[in-house]
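Written out below as structure tokens is the structure these notes cover.
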Amino acid sequence: MKYIVLLGDGMADHPLAILGGLTPIEAAHTPNMDRIAHLGCSGLFCTVPEGMPPGSDVGNLSVFGYNPREFFSGRAAIEAANQGISLAEDEVAFRCNLVCLEDGRMKDFTSGHITTEEARLLVDSLNEALSGRFPIRLHTGVSYRHTGVIKASAAGSMEQLVATECEPPHNITGQEYAVYLPKGPATGLLRDLMEASVPVLRDHPVNLKRVETGKLPATSLWPWGQGRALTLESYRDRFGLSGAVISAVDLVKGIGVCAGLEVINVPGATGWLDTDYEGKVAAGLDALERHDFLYLHVEAPDEAAHQGSVELKVQAIEQFDARIVGPFLEYQAEHPETRLLAAPDHFTLISTKTHAGGPVPFTICGPGIERDALDQYGETNAASGGILLVQGYALTHHFIKDHPLPLTALHGSS
Ligand SMILES: [Zn+2]
């Protein structure tokens, strides 16, 4: 049997008046996800355990089949794993965004989707300027997403670094950022680091050129998402499967690395609406020649929601459905011994431009999967089926190993 997980990052949302009371998934034209719903079974699952931060790190860990409560160690450490950065015992990895701050506000947490080539030059200059003054080494990631490794012993202690509260910059788009600066034991170090990055970036040729051509500059580092090294039981040991991961973002690829999966880099995968869908599908089909499990992640719906754009979010969902889900349904038609799972990792709300917890809709189909009466994929419909998995990671154990679903009745007494 082949197992294919198709993940639309942040697809789930609340009903919106502008969409006539529908959610973006419901308003979007999604014949392929509807087809999975028709062929199989749908429901809700909690990818973000109560009280944990509703991020793609926690959400994707659940969808991969790992209990975030047991395994989660901070997003930056997961991304670091994919970047080939091994963390020593006394090191903590921070995600360091290149952000655009303007007039005291978080103008853009992506610095206008700065290119990796441009970012690399900025990160090089930051390393040169900061390395003597701070116990940090920066590593270039993709676009605005970079990693800083801090020696805990030189910065107080591991506990202090991990316990410091750092706001994810995508949560505060357009807001005054001063109240969201790091709080807690390592505040001094992190705020000094941010401040020291500003003059290095201000007159950098890369930024001057961006401004000249009407693009947003990267004006500051923004550290967050810190964690120590992540250790996962391998997919082979956990599920008896070899598999592959395809994604534009380090975070999802990092989970793949930690789970012992093959991480396939598709050159045109951007994490945005212009991603190379066909390239991702081709790489996925190729991976299925040698693996039994494929996890294909598309970032664009999440990014569109962070921008607060309903049109772009609907468009991103429609492209995910047509250009990713569609081809794998065709694959399944040709290879009947295939199970498909489509789901988001968490809510990304148009109304707040940020993530939220709560049960999100999934749909699965394939041999041995029981059929329900639902034939459309979406939040309201999935809820009406009555399946709610409080332990979201159990869905993958059901999907792969036929473990019975530990159901909570949605409409029963609480
Ligand atoms: Zn997001």
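Values for this structure:
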| read-out | value |
| --- | --- |
| Charge tally in the Cβ shell below 11 Å around PRO15, where Lys, Arg are +1 and Asp, Glu are -1, PRO15 excluded | -3 |
| Prolate/oblate/rounded call for the range 1-118, Cα gyration tensor, a/c under 1.5 rounded | oblate |
| Anisotropy class of the range 246-295 from Cα gyration tensor, a/c 1.5 cut | oblate |
| Three-way shape label, the range 309-403, alpha-carbon gyration tensor, a/c 1.5 | oblate |
| With every protein chain in place, the chain: carbon and sulfur % of accessible area (1.4 Å) | 51 |
| Summed side-chain charge close to LYS401 - residues other than LYS401 whose Cβ falls under 12 Å, Lys, Arg +1, Asp, Glu -1 | +1 |
| Which listed pairs, of LYS183/LYS215; LYS183/LYS253; LYS107/LYS353; LYS107/LYS151; LYS183/LYS313, have C-alpha distances above 24 Å, in listed order | LYS183/LYS215; LYS183/LYS253; LYS107/LYS151; LYS183/LYS313 |
| Cross-link reach list, lysines versus LYS2, counting only Cα pairs under 18 Å and skipping chain neighbours closer than eight places | LYS280, LYS401 |
| Ordering of 319-325, 143-149, 341-347 by packing [mean C-beta count within 10 Å, highest first] | 341-347, 143-149, 319-325 |
| Protection proxy ranking of 271-279, 368-376 - average other beta-carbon atoms within 10 Å, highest first | 271-279, 368-376 |
| 15 Å beta-carbon shell around ASN127, net charge (K/R +1, D/E -1) | +2 |
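The values are calculated or read from the model by the stated rules, or taken from the named source; none is laboratory data. Since this is a predicted model, take the numbers as computed values, not measurements. A quick note on method: Cβ atoms are made from the backbone with ideal geometry, for glycine too, and the neighbour counts reach across all protein chains shown. These area figures cover heavy atoms from the full protein model, side chains too; ligands, DNA and RNA do not enter into them. Shrake-Rupley method; radii C 1.70, N 1.55, O 1.52, S 1.80 Å.
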